[in-house]
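Please read the structure below before turning to the comments.
Just so it is clear, none of the values below were taken in a lab; they were calculated from the coordinates. Just so you know, these numbers come straight off a predicted model, no measurement behind them. Every residue, glycine as well, gets a Cβ built from its backbone with ideal geometry; the counts of neighbours run over all protein chains shown.
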Amino acid sequence: MKNIVKHLIYPIPDPDRLFLGVHLTPMVDGSLIVGPNAVLGWKREGYGHFNASLKDIAQMVKFPGFWKALGHNLHTGIQEAIDSLYKPGYLKRVHKYCPQITVKDLLPYPAGIRAQAVK
């Protein structure tokens, strides 16, 4: 998958959605990062494969903005969660931008956390 993409490729942001969509990011060594996917974090600073904090979850579910954001983005959030577990589903979204990428090309990458401001 080296040098398959020469510049950043990403969708136009939709201000009505919390999710950024699939990005293709070429690295200086010619490799390509495909992502992100957006799944709910169950722990602040939880960068591992699965991390959870009962304290952080409790604070999240007590915050009214969480429920508002969840209500407006439930379908997309469920699809993101499914696609994070089922690579062929995620690959369909990737193929909009680069049909040459295969399921074998989709390898794990370290997690990041994107803060989301909601009222």
From phi via Karplus (6.51, -1.76, 1.60), per-residue ³J(HN,Hα) for the stretch 39-47 in Hz, x at Gly/Pro: 10, 5, x, 9, 7, 5, 6, x, 8
Need one number: convex hull volume per residue for the stretch 33-73, Cα atoms only, in Å³. 83 Å³
If the elastic network links every pair of Cα atoms under 10 Å, which of Leu106, Leu85, Leu20 fluctuates the most in the Gaussian network model of the chain? Leu85
Output the 0 to 90 degree angle, nearest 10, between the alpha-carbon long axis of helix 64-85 and the longest principal axis computed from the alpha carbons of the chain. 40 degrees
Dipole axis of the chain (+1 Lys, Arg; -1 Asp, Glu on Cβ), positive-most option in Cys98, Asn37, Asn73: Asn73
I want to verify the translational diffusion coefficient of the stretch 23-105 in µm²/s; compute it with Stokes-Einstein, Rh as the Kirkwood radius over Cα pairs, at 37 °C and 0.692 mPa s. 220 µm²/s
Between Leu70 and Leu8, what is the label-to-label distance in nm when each label sits 7 Å out along the Cα-to-Cβ direction? 3.2 nm
Mean Cβ-within-10 Å packing, highest first, puts peptides 43-50, 63-70 in the order 63-70, 43-50
Three-way shape call for the stretch 4-47 based on the alpha-carbon gyration tensor, with the a/c threshold at 1.5: oblate
Taking the simple approach of a point 7 Å from Cα along Cα-to-Cβ for both Lys87 and Thr102, what is their distance in nm? 1.1 nm
Listed pairs Lys68/Lys92; Lys43/Lys92; Lys43/Lys68; Lys62/Lys87; Lys6/Lys92; Lys2/Lys96 exceeding 27 Å between Cα atoms: Lys68/Lys92; Lys43/Lys92; Lys62/Lys87
Largest-first principal axis extents of the Cα set of the stretch 61-119 (Å): 42, 23, 19
Over the chain, with a Gaussian network built from C-alpha contacts below 10 Å, which listed residue (Val22, Val103, Val39) shows the highest mean-square fluctuation? Val103
Just to be sure I understand the model, the point goes 7 Å from the Cα along the line to the Cβ. What's the resulting Tyr109 to Asp29 distance in nm? 1.4 nm
